[in-house]
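See structure below.
The values are calculated or read from the model by the stated rules, or taken from the named source; none is laboratory data. All figures in this text were calculated on a predicted structure; none of them were measured in a lab. Cβ sites come from the backbone with ideal geometry, for glycine too, and all protein chains shown count toward neighbours. Please note that ligands, DNA and RNA were not included when accessible areas were found on the heavy atoms of the full protein model with its side chains. Shrake-Rupley method; radii C 1.70, N 1.55, O 1.52, S 1.80 Å.
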Amino acid sequence: MKQFAALYACLDETTKTGRKVECLREYLSHADSVDAAWAIYFLSGRKPKRLIRSTDLSQWGAEVAAVPMWLFEECHESVGDLAETIALLLPDPTIASHMPLHQWVTEKLLLLPKLDPTSQKELLIDSWRQMDRIERLVWNKLITGAFRVGISQALVIRAIAEMANLPPAVIAHRLMGTWEPSAEFFNGLITHEIEDADLTRPYPFCLAHPLQGSPEELGEIDDWLAEWKWDGIRAQMVRRKGVISIWSRGEELVTDRFPELAPAASELPDGVAIDGEIVAWKGDQVLPFSLLQQRIGRKTLGKKILESVPVRFIAFDLLEYEGVDIRERPLAERRLHLEKIVSESPDSITLSSVEQGGSWNELALRREESRQRNVEGMMLKSRQSTYGVGRVTGIWWKWKINPYTVDAVLIYAQLGHGRRASLYTDYTFGIWHEGKLVPFAKAYSGLTDEEIREVDRFVRQNTIERFGPVRHVRPELVFEIAFENIQLSKRHKSGIAVRFPRMQRWRKDKPIGEADSLESIRALLEREPADDSS
Amino acid sequence: MPDLLVTTPSGLYCPSGDFHVDPWRAVPSAIITHAHSDHATAGSARYLTVDEGAKVLSTRLGPEALIQTVRYGEPIRIGDVTVSLHPAGHILGSSQVRIERGGEVWVVTGDYKTAHDATCRPFELVRCHTLITESTFGLPIYRWQHPSKTFAEINSWWETNKSAKIASVLFSYSLGKAQRLLSGIDASIGPIYCHGAIERLNQIYRDNGVLLPETIYVGDASRKTSFAGSIIVAPTSARGTPWLRRFGEFSSAYVSGWMQIRGARRRRAVDRGFTLSDHADWPALLDVIQTSGAERVLVTHGFVDPMVRWLNENGWQAAPLHTEFRGELDETSEPSTANPEGSDS
Ligand SMILES: [Zn+2]
Ligand SMILES: [Zn+2]
């Protein structure tokens, strides 16, 4: 645990990526294989299911620290993170422990959910007693599941690759899917032998960047392939030696969630991995994402939902063909193989159509159909590009349609998370309805650091009332809120729900009386395709 | 009997002596605990401060300010009260103000710390009936490690940078913290450079007999100077400015009590955050309140409400003493959001 805590401190205290990679590489080359496997497990954002109730954790932390609960909450609000608050409050340790990470995890951490509260408490107090401040911070974060430290998956992969002396793509591939942290896993991860043990493993997804400028800047239109940007669940369909698997971008195996896709997948030729999007599809058109979301939300898939929200897999790339990784081949070539495969597949696997345009202008005009088609805009992909791992710049662009905008008033604020834990960065915005401001959307991105500080100060000085961590502030600040989509919703007070709301601009020029009203937003709704779900 | 000190729109006021303590507006007569901008406001007709702090104060208030001085512990009669100033251990020339009338004693702590600091006199405990205490770090999450530990961390960071052949830029408050850092770091590691704002204050510290290692004013370094391996102490306001370009490749760090909290550390766009404060932490605040013997405690300047509530729940008679919001007046104040009350740290 000491070494892992030191690794955490090192990753946390530097902003230089080179140094982070160095720290992790060092850790991995010295740690034993099980510890290394667990470290990678946590650093790549994986975590055990909920281990303990956070209210219990707060209570026991306050008790051991001998502070009253209200003061504990006061501290928590100031720090913004429960794990850290407790680490800061606990009295100094009485003994030191040299137990390795994996033992802490398997013999203590994973034991927690199986224990009754009294034993949980005993276990925690006993472990805190043996740890210094930084160990406690890391330990508490493992417990709360908020273990985040400033290292991206790409850097984790880089460090492992450097340590194992293997290409990052190999490591990335081996890290995909589900795996158990064990010595065997870690040894398999860094082995130079090619294994074909895992038939289901998907490839890391290539991600797009939003196109900021105009598409002309990309050069000749003929070098680019344009497709609709489907609004569904990004997924990979894999078939190897007769075994089929469907993976979501969250690296979750979702084969069972889409019973209509599995039979189609088993008709694919052997040794393929297709990248695409699962969308709700009826007749000849894509249904709004909200419907797909409802279906995903269901625990069991009844006949009714399968009939009302059928899905399709829209294929747009081929990563493996005839058992060979073809990600290094140009897109144009991969696409040819893909077209052949899909043309011989059942209907529920459809090819993502290529949208032709004689000029960028013509294409821009087509893009205007996006809302009608229930898509988010277009994707522009370089025909010569290889299939990148993660967010590679310059090969895939999302060319989204312009968002809707509404002027709304800041009414509630809450402390942010992580880097922003000491700042009021999570806001609720209200719009007018019958002379009152009703909450209509939450947003926490879009402002500059400078603006965030300014709003934070405003919040602290203009709090009317506090509800736990939430502050009700004097309605004074108006922001332009941009969002992608709008729907009727019974769950929301305003009766509408918007998708991806974010702050586009601080309208310092606008008095709150000029903010939008529910009525004007409902008018936007009329322009949306009907949502027959309710 | 009426209170010895009351709040007015200009700040804390003593009616029996007709003077203010650390007023935030211009008044006829002001006693100043120390020269930080949230305590010393220019424009008053007359100032009284301790002799050791006079020079610093006059650079802050301007040459035209009329500053009278007393020695630490020297009682003087003002109107119906007896006033004396006592070391607060915060920065050079920082004082607590003791006010007595007919056997009743009030103490205004100003900013203070009880931890070791080679650049100023140690905090002196003054017994009193009513204590007006600061509470900048008045939450139990603030417990400082021993300053020597922080200095060891800074030295090791500096050494690491030196072996990587890059410079080390340390951001801190220019008055007090910077000099404390200079006195604590290991000058044998490499040359020490200072920003002009800090170098000016170093001189005053030296004039007052404070031992500081040799420092070089950055402006005196020739254009060809390589800063690799050296440390540069700069005010927080220099962060992100073109002034930093001359140092070539460097690692940056920020030194403050707020660095105790990870979120605050991460928000500062620096490579490292070191925890070192010139204020009392939670245990020290409670210790001072306890040993002062005060029955009544007025809390100001920081986490006022939680501190007041805690004291009331633990047998004291406590109340808030609200001061005007004076954050972000200049570089000595922390432009932080982790510190809503805004002050030096
Ligand atoms: Zn101060
Ligand atoms: Zn202060």
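Residues of region B:278-296 that are away from every other protein chain (no Cβ under 13 Å) and either open to solvent by 20 Å² or more (accessible area, probe 1.4 Å) or not aliphatic (A, V, I, L, M) (or both): B:ASP278, B:HIS279, B:ASP287, B:GLN290, B:THR291, B:SER292, B:GLY293, B:GLU295, B:ARG296.
Checking each residue in region B:74-103 for being open to solvent by less than 40 Å² (accessible area, probe 1.4 Å), in contact with a strand residue (DSSP E or B) (Cβ under 8 Å, 6 or more places away or on another chain) and under 30 Å from B:PRO283 (Cβ atoms) picks out B:VAL83, B:SER84, B:LEU85, B:HIS86, B:PRO87, B:ALA88, B:GLY93, B:SER94, B:SER95, B:GLN96, B:VAL97, B:ILE99. Would you confirm, using the coordinates I've provided, whether A:ARG371 is over 21 Å from A:GLN504 (Cα atoms) and open to solvent by 50 Å² or more (accessible area, probe 1.4 Å)? The answer is no for A:ARG371. In a residue-by-residue description of region A:424-446, the property of being facing another protein chain (nearest Cβ under 10 Å) and open to solvent by 10 Å² or more (accessible area, probe 1.4 Å) applies to no position. Which one is farthest from ligand 1 (Cβ to nearest atom) among residues in region B:255-277 that are closer than 23 Å to B:ASP305 by Cβ and either among the hydroxyl-bearing types (Ser, Thr, Tyr) or open to solvent by less than 10 Å² (accessible area, probe 1.4 Å) (or both)? Residue satisfying both the conditions and the ranking: B:GLY263. For region A:401-437, a residue qualifies if it is in contact with a helix residue (DSSP H, G or I) (Cβ under 9 Å, 6 or more places away or on another chain) and either basic (Lys, Arg) or over 28 Å from A:ILE464 (Cα atoms) (or both), and the qualifying residues are A:ILE401, A:TYR404, A:ARG419, A:ARG420.
Here's the yes/no breakdown for (1) modelled with pLDDT of 90 or more; (2) farther than 24 Å from A:LYS381 by Cβ:
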position: A:PRO215; (1), (2): no, no
position: A:TRP224; (1), (2): yes, no
position: A:ASP231; (1), (2): no, no
position: A:ARG234; (1), (2): yes, no
position: A:LYS241; (1), (2): no, yes
position: A:TRP247; (1), (2): no, no
position: A:ASP256; (1), (2): no, yes
position: A:PRO259; (1), (2): no, yes
position: A:LEU268; (1), (2): yes, no
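Counting the residues of region A:374-404 that are exposed (fewer than 15 other Cβ atoms within 10 Å of the Cβ) and either within 30 Å of A:ARG453 (Cβ to Cβ) or within 14 Å of another protein chain (Cβ to nearest Cβ) (or both) gives 3. Taken together, the residues in region B:253-289 that are basic (Lys, Arg) and in contact with a Gly (Cβ under 8 Å, 6 or more places away or on another chain) amount to 2.
Taking region B:198-214 as the range and being closer than 21 Å to B:TRP158 by Cβ and open to solvent by 20 Å² or more (accessible area, probe 1.4 Å) as the test, the residues that pass are B:GLU199, B:LEU211, B:LEU212, B:PRO213, B:GLU214. Within region A:164-184, is there a residue that is of a type outside the set (Gly, Ala, Ser), surrounded by fewer than 17 Cβ atoms within 10 Å (Cβ to Cβ), within 30 Å of A:LYS398 (Cα to Cα) and without any contact (Cβ under 8 Å) to a residue 24 or more places away in the chain? Yes, region A:164-184 contains a residue that is of a type outside the set (Gly, Ala, Ser), surrounded by fewer than 17 Cβ atoms within 10 Å (Cβ to Cβ), within 30 Å of A:LYS398 (Cα to Cα) and without any contact (Cβ under 8 Å) to a residue 24 or more places away in the chain. Of the residues B:GLY293, B:GLY257, which is of a type outside the set (A, V, I, L, M), closer than 30 Å to B:THR7 by Cβ and away from ligand 2 (no atom under 16 Å from the Cβ)? Step by step, each of B:GLY293, B:GLY257 is checked, and only B:GLY293 is of a type outside the set (A, V, I, L, M), closer than 30 Å to B:THR7 by Cβ and away from ligand 2 (no atom under 16 Å from the Cβ). Please enumerate the residues belonging to region B:173-199 that are within 13 Å of B:VAL56 (Cβ to Cβ), in a helix (DSSP H, G or I) and in contact with a Cys (Cβ under 9 Å, 6 or more places away or on another chain). Within region B:173-199, B:ALA178, B:GLN179 meet the criteria. Of all residues in region B:5-26, those satisfying the criterion of being of a type in the set (A, V, I, L, M, F, W, C), buried (at least 20 other Cβ atoms within 10 Å of the Cβ) and more than 16 Å from ligand 2 (Cβ to nearest atom) are B:LEU5, B:CYS14, B:PHE19. For the criterion of being touching an Asp or Glu at 6+ places or on another chain (Cβ under 9 Å) and more than 28 Å from A:LYS282 (Cα to Cα), A:GLY213 fails. The set of residues from region A:46-95 being surrounded by 13 or more Cβ atoms within 10 Å (Cβ to Cβ) and outside any helix (DSSP H, G or I) comprises A:ARG46, A:LYS47, A:PRO48, A:LEU51, A:ILE52, A:VAL67, A:PRO68, A:GLY80, A:ASP81, A:LEU90, A:PRO93. Within the set A:ALA36, A:ALA87, A:ALA5, the sole residue that is of a type in the set (Gly, Ala, Ser) and closer than 30 Å to B:VAL308 by Cβ turns out to be A:ALA87. Checked against the criteria, A:LEU410 does not count as more than 10 Å from chain B (Cβ to nearest Cβ), buried (at least 19 other Cβ atoms within 10 Å of the Cβ) and assigned to a loop (DSSP other than H, G, I, E, B). B:LYS177 meets the conditions (1) in contact with a helix residue (DSSP H, G or I) (Cβ under 9 Å, 6 or more places away or on another chain); (2) open to solvent by less than 10 Å² (accessible area, probe 1.4 Å); (3) not β-branched (Val, Ile, Thr) in every case but one. The failed one is (1). The strands (runs of 3 or more DSSP E) found wholly in region B:217-284 and carrying at least 3 residues that are hydrophobic (A, V, I, L, M, F, W, C) and closer than 15 Å to B:LEU170 by Cβ occupy B:231-235, B:250-255. If we scan region B:10-27, do we find a residue that is within 15 Å of ligand 1 (Cβ to nearest atom), among the hydroxyl-bearing types (Ser, Thr, Tyr) and not in a helix (DSSP H, G or I)? No - not one qualifying residue is present in region B:10-27. Restricting attention to region A:1-27, the residues that are in contact (Cβ under 8 Å) with a residue 60 or more places away in the chain, under 26 Å from the mean Cα position of the chain (by Cα) and away from chain B (no Cβ under 14 Å) add up to 4. A count restricted to region B:139-157 and to residues that are within 13 Å of chain A (Cβ to nearest Cβ), open to solvent by 30 Å² or more (accessible area, probe 1.4 Å) and aliphatic (A, V, I, L, M) stands at 0.
Count of region B:45-62 residues, restricted to those that are crowded, with 22+ Cβ neighbours inside 10 Å and assigned to a loop (DSSP other than H, G, I, E, B), is 0.
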